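Student: Sharing a structure, written as structure tokens. Questions coming.
The numbers here are math on the coordinates, done by the rules we state, and not lab data. Everything numeric in this text was worked out from a predicted model, so none of it was measured. With ideal geometry, Cβ positions are generated from the backbone for all residues, glycine too; neighbour counts draw on all protein chains shown.
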Amino acid sequence: MLSATLMFRLRTALEFYQMSIRTRDIDGWLDDMQGFVLSLMAEQGPGVGAIVEIGSFKGRSTAWLAYGAKSAGREKVTAIDPFTGSPEHQPGQEWADSDLAVLGSTLPVFEENLRMLDLLDHVNPVVSTSADAAKEWNDPIRLLFIDGDHAYEGSKLDFESWTPHVVPGGLVAIHDIGHWDGVTRFYRELMSTTDDYEEVLELFGLVVLEKKVR
């Protein structure tokens, strides 16, 4: 008879594989294992409060977050994005996006991707810039995922606008550290000056910080 520990590990491996297959056609630069980490934090992460994502594009990371949260019957994911793409997604740029060129927005594709996965009901899309949405936000956050403007100034603004709402013991995940100069410079500067956060995980450029309990 298989042990409970082995059965748990087998189920975890199967869950990861199945969700990787389901999300493989959603555009984005989030690695599958990074997505699974987000899913686990949404499902089992500490604290009470909202799950907020800054930068959603076509819903790849949103799907992983919503899957974990929905599986556990926890909070919906608030996905904040103007859905007009980043500068590199605009026509004529290196990563020009065909959906954006045709539709003028990635929101229809975002919604369809989540609908196909039966996850749209667990997501609250907010069509807005991060800065504008932050002005209207007053709720506690237990899990914040930052993957928006990767420039130094934009990364700094996202962090400073949203982390005051993160509960003590809550988690902040930041994507593309070591891959984009701006967000990497901000992160290194942050960790050299703050005593409020501790890095608890790094995976292929996804870093997870825990807000210290005072």
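Student: Any idea how far apart GLU198 and GLU94 come out in nm if each label point goes 7 Å out from Cα toward Cβ?
Tutor: Between GLU198 and GLU94, the simple spin-label model gives 3.7 nm.
Student: Apply the Karplus parameterisation 6.51 cos²θ - 1.76 cosθ + 1.60, with θ equal to phi minus 60°, to every residue of region 16-32 and state each ³J(HN,Hα) to the nearest whole Hz, in sequence, with x for glycine and proline.
Tutor: 4, 4, 5, 6, 4, 5, 5, 9, 5, 9, 8, 4, x, 10, 7, 5, 4
Student: Here's a follow-up. From the backbone phi of region 92-106, what are the Karplus-calculated ³J(HN,Hα) couplings (6.51 cos²θ - 1.76 cosθ + 1.60, θ = phi - 60°) in whole Hz, Gly and Pro given as x?
Tutor: Karplus-based 3J(HN,Hα) across region 92-106 equals x, 8, 4, 10, 3, 9, 5, 5, 5, 5, 7, 9, x, 7, 9 Hz.
Student: Further question on the same structure: ³J(HN,Hα) across region 162-170 via Karplus (A = 6.51, B = -1.76, C = 1.60, θ = phi - 60°), whole Hz, x for Gly/Pro?
Tutor: 10, 5, x, 8, 6, 6, x, x, x
Student: When Rg/Rh (Cα atoms, Kirkwood Rh) is calculated directly from the model, which label among (1) 0.92; (2) 0.96; (3) 1.05 fits?
Tutor: Here Rg/Rh (Cα atoms, Kirkwood Rh) agrees with entry (2).
Student: Amide H to amide H under 5 Å from VAL166: which residues, 5+ apart in sequence or cross-chain, H placed 1.01 Å off N in plane?
Tutor: ILE141
Student: Same structure, new question: What are the residues whose amide H is under 5 Å from the amide H of VAL123, where those residues sit 5 or more places off or on another chain and H is modelled from the backbone?
Tutor: HN-HN under 5 Å from VAL123: VAL77.
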